[in-house]
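The values are calculated or read from the model by the stated rules, or taken from the named source; none is laboratory data. Note that the structure is a prediction, hence the values are computed from the model and not measured. Glycine also receives a Cβ, built like all others from the backbone with ideal geometry; neighbour counts cover every protein chain displayed.
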């Protein structure tokens, strides 16, 4: 058993390496296919002087053969240097890590929202199969699954911000407060001793109010997926002989459902949740654009509009590697809990 | 006289139709999809105005049921004084055209890659599947945005970008089916008779993938329409003044407080079409997949 686990791990690792190399090649070369001249973009007016232009080209290494450029880029990238943004002149790595906590905070909230509502809804629907609540829940989850989230975000704004006036429209914190960045997670930073002493709990509640709408917008599709997956996986387990046995033994209905059925139904649910983390980025791009959320998604879209080559290149490389690594971990965890698939 | 094959086919078809019509959600989905296609095709007849006709001085009128609305503009007018109802109907035509083009391209490329990868196996398979893995590492919208950044915005380019994003799911699906089918006796028999690999792929294997392909095509259509609308919304897809639902949404954003219907209506259209296609696709899958039959 152990050796088969190791063999599986080895096979997966061997698959991982060419994919990572492929991603780095793809990210590197597709940027070079974007029309426009990065040197001109960096120099602006001064670029019309051929001497200055050539100097800049040389200093950026753009006069070297493309493959050599790729080698240099990867060598620096492995050491954590992804070049500097054309727009802000700051290192791409700094820019990324300044914004990543905002996206992660939103993504984690969206997943918690999806799990906290999706799992109970799915279990309820499975237990009350073919009842009216089941139809409503599953119909609702299909609507959620089909939701154009860029529209859903705007509808949430119309209802909760414009009509009810209970949630803010954009950003992470009211401009009235000043919360120094420590971790980058607003919910944590707003509880730092210094902020608490100066302004009390108000910044924390402001951060929560700013999170509500983006969390719902971003969490709706994952919520629908989790609810559907939970329902079908609990339904399957409920039919299994050991659940029937537990029922026959006269155990209480709740105990049968939560202790026997749900535990075993968790494997596919956890897998789906793992895979959803990859799609969080897609959600982030649209959600952050709507709510002016200062995270990775909004940053990438702005960089593409501004043709900020180093940022686009580094950003998509970061994201794609992250997706690959998460999928790899999900594969490994999945094979650990379910040895049959190895 | 009917041959046994014809009888078998009729029996299967009847069973399929029975299953499908039992599924109320699927029938409702089919209704939505048919309504959408009818609107798209009959747009020139149904739409009271053209999509670009401007009515000066009639800016941002509300729908007819609200105060200040009129029957001349059933769903009101936009910020330039164009009839929203007409633009939504013409938008159905754009969405249908864009969606079908996307699915056509991704089915063609995805299926070809899947057939080749699954049938030949070995190094070809490794190369194609690693390429697919790479494409799948980029979140769908991000990949579409990058492709658009390279080839530029616009309707045709948006179609190409979203079609590329859709390729992996077709390739993986077809490959998995080919791996199973190529061990079957009828394929073995064709091989023994000396049929060429291309003939076996196209005449023996592909027809047996029809069912899964139809389901995937339906779901691909819904994803394609959704992604194109998202690109349009981000300003990277179809460009104004084309009456595309995604652009109509983003154009209406500044008036979200004063004229919320301008934001609400195009999104409802997108939701209805995508929901209809998903319901229909789910119903098709359940009715076609013998393993899931109750």
Looking only at region A:113-133, how many residues end up being in contact (Cβ under 8 Å) with a residue 40 or more places away in the chain and not in a loop (DSSP other than H, G, I, E, B)?
12
Looking at (1) in a loop (DSSP other than H, G, I, E, B); (2) within 11 Å of chain A (Cβ to nearest Cβ); (3) closer than 23 Å to residue A:26 by Cβ, which is the only condition residue B:141 fails?
(1)
Which of the following residues is on the phi > 0 side of the Ramachandran plot and in the same structural domain as residue A:128 (by TED's automatic domain parsing): A:200, A:274?
A:200
Within region A:153-166, the residues that are in contact with a helix residue (DSSP H, G or I) (Cβ under 9 Å, 6 or more places away or on another chain), more than 10 Å from chain B (Cβ to nearest Cβ) and surrounded by fewer than 19 Cβ atoms within 10 Å (Cβ to Cβ) are A:160, A:166
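Okay, residues lined up against (1) assigned to a helix (DSSP H, G or I); (2) touching a strand residue (DSSP E or B) at 6+ places or on another chain (Cβ under 9 Å); (3) without any contact (Cβ under 8 Å) to a residue 24 or more places away in the chain; (4) surrounded by 18 or more Cβ atoms within 10 Å (Cβ to Cβ):
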| residue | (1), (2), (3), (4) |
| --- | --- |
| B:16 | yes, no, no, no |
| B:37 | yes, no, no, no |
| B:51 | no, yes, no, yes |
| B:79 | no, no, no, no |
| B:90 | yes, no, no, yes |
| B:99 | yes, no, no, yes |
I need a count of the residues in region B:256-268 that are more than 9 Å from chain A (Cβ to nearest Cβ) and either more than 11 Å from residue A:158 (Cα to Cα) or at pLDDT 90 or above (or both).
2
For residues that are within 13 Å of chain A (Cβ to nearest Cβ) and part of a loop (DSSP other than H, G, I, E, B), scanning just region B:212-253, find the one that is nearest to residue B:265 (Cα to Cα).
B:244
If I go through region A:31-68 residue by residue, how many of them are within 14 Å of chain B (Cβ to nearest Cβ) and either out of contact with any helix residue (DSSP H, G or I) (no Cβ under 6 Å at 6 or more places or on another chain) or not in a helix (DSSP H, G or I) (or both)?
5
Which condition does residue A:236 not pass, out of (1) more than 30 Å from the chain's Cα centre (by Cα); (2) within 24 Å of residue A:333 (Cβ to Cβ), if it passes all the others?
(1)
Residue A:94, sole failed condition from (1) out of contact with any strand residue (DSSP E or B) (no Cβ under 8 Å at 6 or more places or on another chain); (2) under 20 Å from residue A:304 (Cα atoms); (3) exposed (fewer than 13 other Cβ atoms within 10 Å of the Cβ):
(3)
Qualifying positions in region B:141-163 - touching a helix residue (DSSP H, G or I) at 6+ places or on another chain (Cβ under 6 Å), in contact (Cβ under 8 Å) with a residue 24 or more places away in the chain and under 19 Å from residue B:108 (Cα atoms):
B:144, B:158, B:159, B:161, B:162, B:163
Of all residues in region B:159-174, count the ones that are more than 12 Å from residue B:224 (Cβ to Cβ) and surrounded by fewer than 24 Cβ atoms within 10 Å (Cβ to Cβ).
3
Residue A:150, sole failed condition from (1) part of a helix (DSSP H, G or I); (2) surrounded by 17 or more Cβ atoms within 10 Å (Cβ to Cβ); (3) more than 10 Å from chain B (Cβ to nearest Cβ):
(3)
Looking at this structure, is residue B:119 more than 12 Å from chain A (Cβ to nearest Cβ) and modelled with pLDDT under 95?
yes
